[in-house]
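Rule-based calculations on the coordinates, nothing more; no lab input. Everything numeric here is computed off the predicted structure, so don't read it as measured data. Quick reminder, even Gly has a Cβ in these numbers, built from the backbone with ideal geometry, and neighbours come from all protein chains shown.
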Amino acid sequence: MSVPCPQCGRLYTWNGQRCCNRYCRLGSSLPPEIDHTERRRKAFLAAGGRPARAIWVPDWYGLDPPRLEIGRTAEYLFFPAWKEDERLRLQFYTGLPSGMPHAAWGTIASIQHAQFGPIRLIDAGGLDYHIVLIDGKEYCVNAEEQPGQLFEKHGEEWPESSMQIDDWTFTIEFSALADLEPMQKNA
Ligand SMILES: [Zn+2]
């Protein structure tokens, strides 16, 4: 039996008594949890943010921000140290056990790397990261067995690239980034 929730549209529990969505919980005796990501999204859309620059140093193994793309508005995670010491650079969180990250919604304006040059998108959602440059060149980076091993698209082939990357630091500029907020355990 599947009953859609009249409040949020998600499905009710199997016995049709309450909504399964923990941010809604219609019909439940428990109060709904706050969807902090959604709350931050609304605040960002209403109030905007400030231009900001962050660096990303890949940690590989799928621990990196899953997608960086020019024009993309999303919630991004950062190392908390920046908030405590403003002399430190704002740096993308990479999932190491270093405390809860800080979250902020923002819109990416540019992605730069010293050797790749201007980049349009980096898809780090799998264990081979995909990099597409502004000029259309495409690269694939191994992120698991030999992290940093680089392949370059030529037609339908992906031969190993002759480029040697000395420093994997990327610089990401935001046209707008909201104030950073420590993440809650449930968000
Ligand atoms: Zn619901």
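Things to note:
- Between 0 and 90°, nearest 10: helix 36-47 axis offset from the chain longest Cα axis: 70 degrees
- Using the average count of surrounding beta-carbon atoms within 10 Å as a protection proxy, the listed peptides 13-20, 104-111, 119-126 rank, highest first, as 104-111, 119-126, 13-20.
- Overall, region 10-74 carries a charge dipole of about 280 debye about its Cα centre when +1 sits on the Cβ of Lys and Arg and -1 on the Cβ of Asp and Glu, all other atoms neutral.
- Taking the chain as a whole, the Cys residues whose C-beta sits 4.7 Å or farther from every other Cys C-beta are CYS20, CYS140.
- Highest-fluctuation residue, ASP59, ASP128, ASP35 considered, GNM on the chain with Cα pairs under 10 Å: ASP35
- Candidates PRO101, PRO147, PRO80: whichever shows maximal mean-square fluctuation once the chain is modelled as a Gaussian network with Cα springs under 10 Å: PRO147
- Listed values for region 104-114 are Karplus-derived 3J(HN,Hα) couplings in whole Hz (6.51 cos²θ - 1.76 cosθ + 1.60, θ = phi - 60°), namely 7, 7, x, 10, 7, 9, 7, 10, 10, 9, 3, and x replaces Gly and Pro.
- Helix-only mean residue ellipticity at 222 nm for the chain, each DSSP H run of n ≥ 4 adding -39500 (n - 2.57), per residue, nearest 500: -2500 deg cm²/dmol
- FRET efficiency for the pair THR171 and ALA47, taken as 1/(1 + (r/R0)^6) with r the Cβ-Cβ distance and R0 = 35 Å, rounds to 0.90.
- For the chain, the alpha carbon convex hull comes to 176 Å³ per residue, rounded to a whole number.
- Lys, Arg +1 and Asp, Glu -1 on Cβ, resulting dipole of the chain about Cα centre, debye, nearest 20: 1320 debye
- All C-alpha to C-alpha distances of region 148-187, sorted into 10 Å bins beginning at zero, yield P(r) values of 20, 24, 24, 23, 10 percent in whole numbers.
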